[in-house]
């Protein structure tokens, strides 16, 4: 046997000496730039080489005749070619084509900020939302530090690019969320209901969003819930605003999970320390129960279920503006349910997404006019008689949506789908002068949409889409085209977007015999972006045209109109200053509109011309502590007293511009268990202070009925302090995982 | 007679096959040995990429050997770890994943292939540690544990654990002081480790010594 072995080695040596052929050449890409590190191999042999830093290679082979030369390199498409070896040296130059990988390809970014933990190079992660000072773990508050969003302290919601809060819609796993924000009261903004940790992906679109979504004139906030948790764990939280606890169970085979969360919020302790301007006779109390389950279906599918129920109540009284000694008391009791079930499954090149959801929100409102002793008073004359009111507002929404996607060549894909929404809204109100009135509407809304992502080259992409919508309430069909394109040049890329967006008038206007038509916005967006792992630079310009906005005076024909245009800048840098991560955003906005009771086209009170934010984060490892500071600035917003006092039409009785908005907030996160990697629990202490400099904020003015009294609208408290401790108990199942997988 | 001939033919065929296999195997063994010997001295990205390509050529030509795929994956990952450019780390980690899956399907998942799986997770982690720690940090640690479980005598998972601690900031439970005893344990294990053959995995001892010197 040894003999055979020796013989074969000898044979090999002889052959090498005799029949060696040299193969050499250069590997370049389509732009003629050398490709180093490419593998060049003669198929079914050991012979080959790796290209050097200039793309050159050279090797000898003992193979003969017709052989296949295979060339591979990371980020390039595989290349192969037959060559015939006759004994003479072979010179073979190779041109590799870029591989259309999702990472290297151009992405359409006009109008949208992708944030999330899954994608590479995202703008904001859920951790970022938690560590943005001033946001207090509220998604939309963190988003207000991005360009495009306004700092409107006295109203709930996201005001994007000259749009009202109602023009921004929130979607969870494809389903529209009817009541994303807690119900609040006049002049006090309320936060979003959902915790950032529920979501693995967030896309904030400040315009030009996909045909998959509709009924939002200005902006879509698209949230994607998390997949299976990493491990089974429990969590507990104690803070100055309440208590929370939850448990997430992950099956040992990691095929399914179940979770349950409960939280109790009571602002009594906070209000003892931080004096509130309104007199809270019923301090805000809120209870929330959440449940979820997630099941893997097959190899590439996931079924997710999430249910949320929250009940809250509060009551406050403020001085009545029309009289010296009376007070307006307002109390609210709210119950809100949201549940959604979604299923994503891949079938080869097909991908099916189904989602369905149901929500039910009931607001019970009581407004009472009170005297100095907080006793009800009845004054049967306007405006006092309108200050006593009972109202029950009920909103229900059931919906189903299906999207079928087919992956074409490379990254190109086609999506088609449809959705159906059953919307019901009912408002009941009465007082001493108005009899019990019940008004309501039902809408059956259907939409069909199609969208194609076309990669002409990996560097040039188009997205063509369209959406047809029909609302039974409006009895009208509209067709909304959406187009966008992106082209990558060097390290950066240009994107353009155009789209038409329709939206039904707001719930309340649909009640009162308004001429019902879709409101319309047309967006034009141009964007330039450079992004790498540590930096993001974005420059975006937009023009938005509004048509058919709701009017309430002089008539209710939907002939309101307006425009918004502006330039926005965003810069995030994680590298320049060691250990410091910061971002800066700036928005310039020029907008005017004529809607509702506006006497003519004018700047709305929710739009500042200049808005800027700086967010800085630093984690000091030695102290196991993260320090986060944010500073937001906005120039003064216009305010108006639109009155019809003593006239039979609306006129501007007073107007002006508020003082500029300034807010500096700080948050500190201390993680004591960091140095104990094997500890079964993980603790985070949070301290956050909003408006540390206690800079006065004026959001506008309220006027008495007769225009004689003018009162500044200010937040209920200048500062806000929050202290909390959050512990998660990881049930370590590594051992189970090992045992089950062997 | 008939039977005698059959036996002879069978024998001849068998011998022929064996000789063929052994001859191939000698070529395979020599090529492998030559490349494996270079692993401990390859300290540049270019030399690691070259070795990765060589191992992959051997693997593709052999078609039945898992070991060259294992080494190809290892060298691909090392080319990321030795360099400073992390822009292709995800793609290279994905490539290493394909290679190690081929190795595992030809042989079976072993303590050594889990070492590679841990390195793949680490490679993904390096791209964006802050945001990826939860996912890939856990995956890397889990693979190390599986590797240790499958072969408690294998020093490589211990070395990787030391390396992971070495690069983890002190505040997060890592640092030189934490890593040092783990490297010392790995060193002792390397001293008594006998590779199954001269081409079986045996890397790591040099690196352990290097990290130990950095810990002092």
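At a glance:
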| quantity | calculated |
| --- | --- |
| Mean separation of Cα contacts under 8 Å, 6 or more apart, over the residue count of chain B: relative contact order % | 14 |
| Residues residue A:289 and residue A:406, FRET efficiency given R0 of 45 Å [Cβ-Cβ distance, rounded to 0.05] | 0.70 |
| For chain B, convex hull of alpha carbons as volume per residue, Å³ | 133 |
| Spin-label pair residue A:494/residue A:444, simplified geometry with 7 Å Cα→Cβ offset, distance in nm | 4.8 |
| Mean separation of Cα contacts under 8 Å (6+ apart) over length of segment B:35-150, as relative contact order % | 22 |
| Averaged over A:184-190, number of beta-carbon atoms from partner chains that fall within 10 Å | 0 |
| Label-point separation, residue A:272 to residue A:375 (7 Å along Cα→Cβ), nm | 3.1 |
| Sequence ranges A:170-183, B:202-215, A:135-148, ranked by mean other-Cβ count within 10 angstrom, highest first | A:135-148, A:170-183, B:202-215 |
| Relative contact order (%) - criterion: Cα under 8 Å, at least six apart; region: chain A | 10 |
| Stretch gain in nm, segment residue A:662-residue A:721, where the contour uses 0.36 nm per residue and the Cα spacing is subtracted | 19.5 nm |
| Label-to-label distance, nm, for residues given as residue A:683 and residue A:702 (7 Å Cα→Cβ offset) | 4.4 |
| Diffusion constant of segment A:411-519 at 25 °C, which comes from Stokes-Einstein with the Kirkwood Cα-pair radius and 0.890 mPa s, µm²/s | 144 |
| Kirkwood Rh and Cα Rg combined as Rg over Rh, evaluated for chain A | 1.06 |
| Rounded FRET efficiency, nearest 0.05, which uses the C-beta distance separating residue A:78 from residue A:487 and R0 of 30 Å | 0.70 |
| Residue mean of other protein chain beta carbons inside 10 Å, B:54-63 | 5 |
| Ratio of the Cα radius of gyration of segment B:153-216 to 2.2 N^0.38 Å, where N counts its residues | 1.13 |
| Alpha-carbon centroids, segment A:389-406 and segment B:87-108: separation in whole Å | 45 |
| Radius, Kirkwood style, for segment A:214-313 when every pair of distinct Cα atoms is counted (Å) | 16.5 |
| More than 24 angstrom apart: percent of Cα pairs within segment B:35-150 | 22 |
| Among A:626-634, A:392-400, B:47-55, the order from most to least packed when residues are scored by Cβ within 10 Å on average | B:47-55, A:626-634, A:392-400 |
| Exercise: per-residue mean of other protein chain Cβ atoms within 10 Å, B:80-91 | 2 |
| Efficiency of FRET between residue B:43 and residue A:307 - r from beta-carbon atoms, R0 56 angstrom, step 0.05 | 0.50 |
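Bear in mind these aren't lab numbers, they're just calculated from the coordinates by the rules spelled out. Note that the structure is predicted; figures quoted are calculated from it, not measured. Using ideal geometry, Cβ is built from the backbone for each residue, glycine included, and neighbour counts are taken over all protein chains shown.
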